[in-house]
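> Got a structure for you, questions after.
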Amino acid sequence: MTRQPVLHVTAKFLIPLIMLFALYVQFHGEYSPGGGFQAGVIFGAGLILYGLVFGVEQAQRVLPLGVLRVLAALGVLLYGGVGMVSLLAGQEFLDYGALSADPVAGQHLGILLVELGVGITVTAVMVIIFYVFAGREKT
């Protein structure tokens with residue numbers, strides 16, 4: 001990969017800001033537009049930008065494919081786990097009120113956990129798709 005100093009410096013400046021904005025969208029999503037899917041796409045885009053600028057090999061050293069697979073599964077497990085906790089508490093699937101003695105606190109906790117699971121899964125799957133397409137040129 002050829003060295004592009006302006007591109008590298010710009011990416012080093014932008015990628016942390018992209019990640020920070022993704023965290024804002026993730027954790028502010030229950031109060032305003034946004035949430036897990038949008039934050040996952042933004043976070044994934046930041047990681048893909050890293051791979052495009054610094055090379056896919058470097059990106060795979062930072063975030064290996066095996067770790068991404070585990071993260072994708074953990075996000076789905078978190079989402080489903082919140083629903084199962086609701087079922088085990090005698091409520092409907094994803095009835096967040098069952099997660100706490102105070103139904104309002106349960107609603108906040110439930111939506112936060114579900115959106116976190118969605119965000120983790122979307123980020124991991126986006127980067128997995130990027131790795132798969134980026135690796136196709138080598139075969």
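Listed here are the residues, each with its yes/no results for (1) in contact with a Ser or Thr (Cβ under 8 Å, 6 or more places away or on another chain); (2) modelled with pLDDT under 95; (3) loosely packed, with under 12 Cβ neighbours inside 10 Å.
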{"residue": "6", "(1), (2), (3)": "no, yes, yes"}
{"residue": "14", "(1), (2), (3)": "no, no, no"}
{"residue": "17", "(1), (2), (3)": "no, no, yes"}
{"residue": "26", "(1), (2), (3)": "no, yes, no"}
{"residue": "29", "(1), (2), (3)": "no, yes, no"}
{"residue": "33", "(1), (2), (3)": "no, yes, yes"}
{"residue": "42", "(1), (2), (3)": "no, no, no"}
{"residue": "48", "(1), (2), (3)": "no, no, no"}
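> I'd like to know if the range 60-71 contains one or more residues that are closer than 21 Å to residue 12 by Cβ and touching a residue at least 60 places away in the same chain (Cβ under 8 Å).
Kept after step one, since they are closer than 21 Å to residue 12 by Cβ, are these residues of the range 60-71: 60-63.
If we keep only those that are touching a residue at least 60 places away in the same chain (Cβ under 8 Å) too, we end up with 60, 63.
Yes.
> Looking at the range 66-84, can you tell me whether even one residue there is touching a Ser or Thr at 6+ places or on another chain (Cβ under 7 Å), part of a helix (DSSP H, G or I) and surrounded by fewer than 18 Cβ atoms within 10 Å (Cβ to Cβ)?
First pass over the range 66-84, keeping only residues touching a Ser or Thr at 6+ places or on another chain (Cβ under 7 Å): 72, 75-76.
Right, trim to part of a helix (DSSP H, G or I) and you get 72, 75-76.
In the following step, the residues that additionally are surrounded by fewer than 18 Cβ atoms within 10 Å (Cβ to Cβ) were identified as 76.
Within the range 66-84, one or more residues are touching a Ser or Thr at 6+ places or on another chain (Cβ under 7 Å), part of a helix (DSSP H, G or I) and surrounded by fewer than 18 Cβ atoms within 10 Å (Cβ to Cβ).
The values are calculated or read from the model by the stated rules, or taken from the named source; none is laboratory data. All values reported here derive from a predicted model rather than from experimental measurement. Cβ: placed from backbone, ideal geometry, glycine included. Neighbour counts: every protein chain shown.
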